[in-house]
1. Of everything in the stretch B:35-51 that's part of a helix (DSSP H, G or I) and at the interface with chain A (Cβ under 8 Å from one of its Cβ atoms), which residue is nearest to B:Leu11 (Cα to Cα)?
2. I'd like to check something: does the stretch A:105-112 contain any residue that is surrounded by fewer than 23 Cβ atoms within 10 Å (Cβ to Cβ), over 14 Å from the mean Cα position of the chain (by Cα), at pLDDT 90 or above and away from chain B (no Cβ under 12 Å)?
3. How many of the residues making up the stretch B:295-307 are open to solvent by 10 Å² or more (accessible area, probe 1.4 Å) and either of a type in the set (A, V, I, L, M) or in contact with a Ser or Thr (Cβ under 9 Å, 6 or more places away or on another chain) (or both)?
4. Can you list the helices (runs of 4 or more DSSP H) lying wholly within the stretch B:218-322 that have 1 or more residues being more than 8 Å from chain A (Cβ to nearest Cβ) and within 30 Å of A:Val130 (Cβ to Cβ)?
5. Taking the stretch A:199-217 as the region of interest, how many residues are open to solvent by 70 Å² or more (accessible area, probe 1.4 Å), part of a loop (DSSP other than H, G, I, E, B) and either under 17 Å from A:Ala163 (Cα atoms) or at pLDDT 85 or above (or both)?
6. For A:Gly239, all conditions in the list (1) out of contact with any helix residue (DSSP H, G or I) (no Cβ under 8 Å at 6 or more places or on another chain); (2) open to solvent by 40 Å² or more (accessible area, probe 1.4 Å) hold save one; what is the number of the exception?
7. Restricting to the stretch B:154-163, and then to whatever is open to solvent by 10 Å² or more (accessible area, probe 1.4 Å) and in contact with a helix residue (DSSP H, G or I) (Cβ under 9 Å, 6 or more places away or on another chain), can you tell me which residue is modelled with the highest pLDDT?
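The values are calculated or read from the model by the stated rules, or taken from the named source; none is laboratory data. Treat the numbers as computed from the prediction; the structure is a model and nothing was measured. For neighbour counting, all protein chains shown are included, and Cβ atoms are generated from backbone atoms with ideal geometry for every residue, glycine included. Please note that ligands, DNA and RNA were not included when accessible areas were found on the heavy atoms of the full protein model with its side chains. Shrake-Rupley method; radii C 1.70, N 1.55, O 1.52, S 1.80 Å.
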Number of protein chains: 2
Amino acid sequence: MADPVDDVHALIEAARDGQPRAVARLISLAESGLGSRRALAAALGHQSPRAAVVGVTGPPGVGKSTLTSALVARWRARGERVGVLAVDPTSPLSGGALLGDRVRMHEHATDPGVFVRSLASRGHHGGLAVAVPLAVRVLDAAGCDVIVIETVGVGQAEFEIAALADSTVLVLVPGYGDAIQAAKAGVLEVADLIVVNKADLEGSEQVVRELRMARGHQPPAEDRWPTAILRTAAARDEGIAEVVDAVAEHGRWLAASGELSGRRRARLRAEIEAIVVERVRAGLDGNREVLDGLADRIAAGEADPYSVAEEMAREHLSPGNW
Amino acid sequence: MADPVDDVHALIEAARDGQPRAVARLISLAESGLGSRRALAAALGHQSPRAAVVGVTGPPGVGKSTLTSALVARWRARGERVGVLAVDPTSPLSGGALLGDRVRMHEHATDPGVFVRSLASRGHHGGLAVAVPLAVRVLDAAGCDVIVIETVGVGQAEFEIAALADSTVLVLVPGYGDAIQAAKAGVLEVADLIVVNKADLEGSEQVVRELRMARGHQPPAEDRWPTAILRTAAARDEGIAEVVDAVAEHGRWLAASGELSGRRRARLRAEIEAIVVERVRAGLDGNREVLDGLADRIAAGEADPYSVAEEMAREHLSPGNW
């Protein structure tokens, strides 16, 4: 049997040649255990990433997949190679339905210049914080010019995932008016672009107007990117070129302002933190019996969770034991 | 100035006497920094909790607050003292709107037998995993017979919070049919009770029928609680007594089957883990400059995130350094 690390090097070579199966296998490695990921990261080395990384996020039902698919078509028409990571913060209630929606991306399934992969969170949320950056590095090594990270949802977790991108696109539709009213300022802080999709629905101009007005109320700052607010009808391919142009313009602003290196440094810091936390969790999982014993001591009224956590860390989690 | 730990003991005494302001201040402590929480946990000691802890979760707009409020009224009529923790997984998009909805609970604001408090996630999700169990312990010490943890959402995070309860109630309405179809099995695994609210809406009997049918398809097991599926019209106070009865029945089943001690042990284990991870995160935050230097080495192509994470843990995160 071949040495798995040799295998990784061979797969990376094949991915650089644009072989989709090699890319798919490497992304699977990015989702697997710590040992595989460590070997993959070491084998990839760390070239400074070339690709523009674009996060697309928003509530269910706003047409993110349709928009992403239309954007991919536009990038392809401009000769760009594109990778799409469809990230599912797995939910017992919404998981299946969301995955079904992703079928739209299949129109690009036979294009050798497009890689599409789904990543699921499989249990605890932290898994995506380590898997996504590594999958981005795989797609970058495979020669992608643009990498889209598409997440579904409106929660903290989705925005954390969106923060793994250089540019974050928030997709909304008319009818989320109340939520927008309530949280305008927050949304404008988080999103580099806001796309009001389904422009044919009533109220879409109104939503755009309100968002632009809210943007106008932000204190002016020379070094701040003014959130781009655009209208699309992705299903009819309307307004897509404008989004592609705005993403490119944001990319130029990121580079010129120095914000790009700052964002990428913050992402690397977050990735290191996520790996450390993952190792700690693995260390805890490996001490299940000790944990049970400590839990029983709390239940018996002999200790409190904080003193017990200190004991756990001191005696069972020194880095040598991980 | 009084010793803050003496203060905590005095507050706990006042909370045991049922003083709502003392309870409120202690719950604020449960949300604050590690030092305060450690002192609070030590001062509370750890009596085995007496209260039944009931999680109420579900998508926005299904009437969770109205249902919770109706349940509280019913428990009060039966002479029970009730605590409600309204947990907001803070989201830039939905935060404000969800909080607004909580105003309904104000009908109980003047009842000395009801404590209502909101907990927000403030930044990273892990914060709730340590704050909620401690807040539950405060309410238990304050003599609550029932403690409701109400969370908004349909994601992994909300179910993790719901898992901090003895009994989990999932609230749905007709119209979430597709999601239910897609994830029936998962929902039935997670929820101890499913309440189909807004029974006056078209399709509610159909949803109940489908869920019961799905429940019937589960492999039979003697030691399994068959998810209770109930219909309510909380705004008209219909079906509420049945939910209260089903929660009580589930509580009896938990005790008789031995599942209660198993669930509580798992929760204590999860709480210890959350505290350890929080301490590691605090240790990382305290080494920001080291992290920046490591991130720069990755960006310069001199190292990969995994080797750097090991170095970080080995040299800067031994438990003595936290």
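1. Within the stretch B:35-51, the subset part of a helix (DSSP H, G or I) is B:35-44.
Now restrict to residues that are at the interface with chain A (Cβ under 8 Å from one of its Cβ atoms): B:37-38, B:41-42, B:44.
On the way: B:Arg37: 14, B:Arg38: 15, B:Ala41: 13, B:Ala42: 13, B:Leu44: 10 Å.
The qualifying residue nearest to B:Leu11 (Cα to Cα) is B:Leu44.
2. Restricting attention to the stretch A:105-112, the residues satisfying the condition of being surrounded by fewer than 23 Cβ atoms within 10 Å (Cβ to Cβ) are A:105-112.
From what's left, over 14 Å from the mean Cα position of the chain (by Cα): A:105-112.
Right, trim to at pLDDT 90 or above and you get none.
No: zero hits.
3. If we filter the stretch B:295-307 for residues that are open to solvent by 10 Å² or more (accessible area, probe 1.4 Å), which is where we start, we get B:296-297, B:299-304, B:307.
Cutting the leftovers down to either of a type in the set (A, V, I, L, M) or in contact with a Ser or Thr (Cβ under 9 Å, 6 or more places away or on another chain) (or both) gives us B:299-301, B:303.
Here the count works out to 4.
4. Details: elements: B:240-257, B:259-285, B:288-299, B:305-316.
Result: B:259-285, B:288-299, B:305-316.
5. 3
6. For A:Gly239, the failing item is (2).
7. The initial filter retains those residues of the stretch B:154-163 that are open to solvent by 10 Å² or more (accessible area, probe 1.4 Å), namely B:154-160, B:163.
Adding the requirement that they be in contact with a helix residue (DSSP H, G or I) (Cβ under 9 Å, 6 or more places away or on another chain) leaves B:154-157, B:159-160, B:163.
Numbers: B:Val154: 56, B:Gly155: 58, B:Gln156: 58, B:Ala157: 59, B:Phe159: 65, B:Glu160: 70, B:Ala163: 73.
Per the criteria, the residue is B:Ala163.
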